[in-house]
């Protein structure tokens, strides 16, 4: 669980919106396939870059429309749409359950800090 403990809890990371290869290998299979492209135009922003853009906005608190294009994450609207699509597809719930299972199997869950009203499957 090195990816979880090191990149999320405690250890300072200079750019916490950058997704590690290990974490991406867990998230990527959960993402829905993109739908057909109806109009010609710019190529689709890769999902990993869009996820980094989402994490950047959530980490910094900036408005979606002010996501800097120079970072290479796509536009704020692109990232917002991807977040909404992934939310609708249940990606975050699936990821949450996966992380709980991995933590449980590694015996890394601290139940003394949990709520008795929440049950992990």
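The values are calculated or read from the model by the stated rules, or taken from the named source; none is laboratory data. Owing to the predicted nature of the structure, the values given are computational and were not obtained by experimental measurement. Because the Cβ atoms are built from the backbone with ideal geometry, glycine has one as well, and the counts that use them run over all protein chains shown.
Per this entry, residue 28 is not counted among residues that are part of a helix (DSSP H, G or I) and more than 16 Å from the chain's Cα centre (by Cα). Tell me, yes or no, whether segment 50-65 has at least one residue that is part of a helix (DSSP H, G or I) and more than 18 Å from residue 19 (Cβ to Cβ). Yes, there is a match, as at least one residue in segment 50-65 is part of a helix (DSSP H, G or I) and more than 18 Å from residue 19 (Cβ to Cβ).
Across segment 67-93, the number of residues qualifying as touching a residue at least 12 places away in the same chain (Cβ under 8 Å), surrounded by fewer than 16 Cβ atoms within 10 Å (Cβ to Cβ) and on the phi < 0 side of the Ramachandran plot comes to 4.
State the number of residues belonging to segment 75-106 that are in a helix (DSSP H, G or I) and under 18 Å from residue 33 (Cβ atoms). Counting residues in segment 75-106 that are in a helix (DSSP H, G or I) and under 18 Å from residue 33 (Cβ atoms) gives 13. Quick check on this structure: which one of 107, 37, 11 is in contact with a helix residue (DSSP H, G or I) (Cβ under 9 Å, 6 or more places away or on another chain), loosely packed, with under 11 Cβ neighbours inside 10 Å and modelled with pLDDT under 90? After applying the criteria, what remains is 11. When residue 45 is tested against (1) crowded, with 16+ Cβ neighbours inside 10 Å; (2) part of a helix (DSSP H, G or I), exactly one condition is not met: (2).
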